[in-house]
């Protein structure tokens, strides 16, 4: 039964990738920028000859807010259409810059996606003036496993190293807000097994499981967070979002959980009333917090 469940979940990720490739988004190709100058760290003091890319989609009428977007894909692929560039196009329509992050897939290197997400936030903040962005209104958004990455960035951050030789490393990587849509949150029993295996391996230590179970990493310094999740999601069950929201409340962090009555994982293929609902509610939430102007 467990093997069948894993097969179904893996197949679903493949379907999402296919849907994403067919998803229509704007004509703006954006500006593609490398983050590591071809020498990307692995998290253990070593590095690899590789690059991580962000694509900056600037709003025609910018309001100063920006969002780093982490597509899903089970940590085994990237759904960069519907959960990446399509989202950037939607954000641009509301004056928000959308920065699509093509994070490196872990493939046994657990800390690699987080390092990329942190670097993306630092890079956006470093270039805030040039990109017409308010450095105090830079958020992160993620879907499914990308939601896990976004929630990891929202709970594992630093204010920058003032003594770093690299100017970007001197900048804070704390996001000012997070938006998590049908996110993987925990690495415990209610996780998405494919995402967990791809990120942590098949036999991770208890310490590693706890470190990346982000409901356990929330503190009073975690940024305001909006979550949306369908009650009938079978691939990533809603308990993931519920646990994170409960942790936010425990630590008196501003948060909102939109429990959608239907839509499953991917919310009916990124369209329809459930998809529209989280977009409308998240924008209203940002406006209430004065995170958009």
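The values are calculated or read from the model by the stated rules, or taken from the named source; none is laboratory data. Just so we're clear, the structure is a prediction, and the values are computed from it rather than from any experiment. All Cβ positions, glycine included, derive from the backbone under ideal geometry; neighbour counts span all protein chains shown.
Count, please, the residues in the stretch 257-273 that happen to be under 20 Å from residue 239 (Cα atoms) and either buried (at least 18 other Cβ atoms within 10 Å of the Cβ) or out of contact with any helix residue (DSSP H, G or I) (no Cβ under 7 Å at 6 or more places or on another chain) (or both).
First pass over the stretch 257-273, keeping only residues under 20 Å from residue 239 (Cα atoms): 257-268.
Filter once more, keeping what is either buried (at least 18 other Cβ atoms within 10 Å of the Cβ) or out of contact with any helix residue (DSSP H, G or I) (no Cβ under 7 Å at 6 or more places or on another chain) (or both): 257-261, 263-267.
Result for the stretch 257-273: 10.
Evaluation of residue 247 against the conditions (1) part of a loop (DSSP other than H, G, I, E, B); (2) in contact with a helix residue (DSSP H, G or I) (Cβ under 8 Å, 6 or more places away or on another chain); (3) surrounded by 15 or more Cβ atoms within 10 Å (Cβ to Cβ) shows that the sole unmet condition is (1).
Taken together, the residues in the stretch 115-140 that are farther than 22 Å from residue 282 by Cβ, free of Cβ contacts under 8 Å to residues at least 12 places away in the same chain and touching a helix residue (DSSP H, G or I) at 6+ places or on another chain (Cβ under 7 Å) amount to 0.
As for the stretch 158-172, it holds at least one residue that is out of contact with any strand residue (DSSP E or B) (no Cβ under 7 Å at 6 or more places or on another chain), modelled with pLDDT of 95 or more, crowded, with 20+ Cβ neighbours inside 10 Å and outside any helix (DSSP H, G or I).
Matching residues to (1) at positive phi; (2) in contact with a strand residue (DSSP E or B) (Cβ under 9 Å, 6 or more places away or on another chain):
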{"residue": "216", "(1), (2)": "no, no"}
{"residue": "219", "(1), (2)": "no, no"}
{"residue": "222", "(1), (2)": "no, yes"}
{"residue": "231", "(1), (2)": "no, yes"}
{"residue": "237", "(1), (2)": "no, yes"}
{"residue": "245", "(1), (2)": "no, yes"}
{"residue": "250", "(1), (2)": "no, no"}
{"residue": "258", "(1), (2)": "no, yes"}
{"residue": "264", "(1), (2)": "yes, yes"}
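Of all the residues in the stretch 47-88, those that are out of contact with any strand residue (DSSP E or B) (no Cβ under 7 Å at 6 or more places or on another chain), surrounded by fewer than 19 Cβ atoms within 10 Å (Cβ to Cβ) and either in a strand (DSSP E or B) or touching a residue at least 12 places away in the same chain (Cβ under 8 Å) (or both) number 5. On inspection, residue 128 fails the criterion of being modelled with pLDDT under 95 and outside any helix (DSSP H, G or I). Taking the stretch 274-293 as the range and being out of contact with any strand residue (DSSP E or B) (no Cβ under 8 Å at 6 or more places or on another chain), surrounded by 15 or more Cβ atoms within 10 Å (Cβ to Cβ) and more than 15 Å from residue 90 (Cα to Cα) as the test, no residue passes.
Answer yes if at least one residue in the stretch 281-293 is part of a loop (DSSP other than H, G, I, E, B), modelled with pLDDT under 95 and under 18 Å from the mean Cα position of the chain (by Cα), and no otherwise. Looking through the stretch 281-293, at least one residue is part of a loop (DSSP other than H, G, I, E, B), modelled with pLDDT under 95 and under 18 Å from the mean Cα position of the chain (by Cα). Condition check: within 19 Å of residue 223 (Cβ to Cβ) and either surrounded by fewer than 20 Cβ atoms within 10 Å (Cβ to Cβ) or out of contact with any strand residue (DSSP E or B) (no Cβ under 8 Å at 6 or more places or on another chain) (or both). Does residue 141 satisfy that? No.
For the stretch 178-235, the set of residues classified as assigned to a helix (DSSP H, G or I), out of contact with any helix residue (DSSP H, G or I) (no Cβ under 7 Å at 6 or more places or on another chain) and surrounded by 21 or more Cβ atoms within 10 Å (Cβ to Cβ) consists of 196, 198, 199, listed by residue number. Could you tell me whether any residue of the stretch 142-149 is at pLDDT 95 or above, outside any helix (DSSP H, G or I), under 9 Å from the mean Cα position of the chain (by Cα) and farther than 20 Å from residue 291 by Cα? Among the residues of the stretch 142-149, at least one is at pLDDT 95 or above, outside any helix (DSSP H, G or I), under 9 Å from the mean Cα position of the chain (by Cα) and farther than 20 Å from residue 291 by Cα, which makes the answer yes. So how many residues does the stretch 97-117 have that are in a helix (DSSP H, G or I) and either buried (at least 23 other Cβ atoms within 10 Å of the Cβ) or more than 11 Å from the chain's Cα centre (by Cα) (or both)? Total satisfying the criteria: 5.
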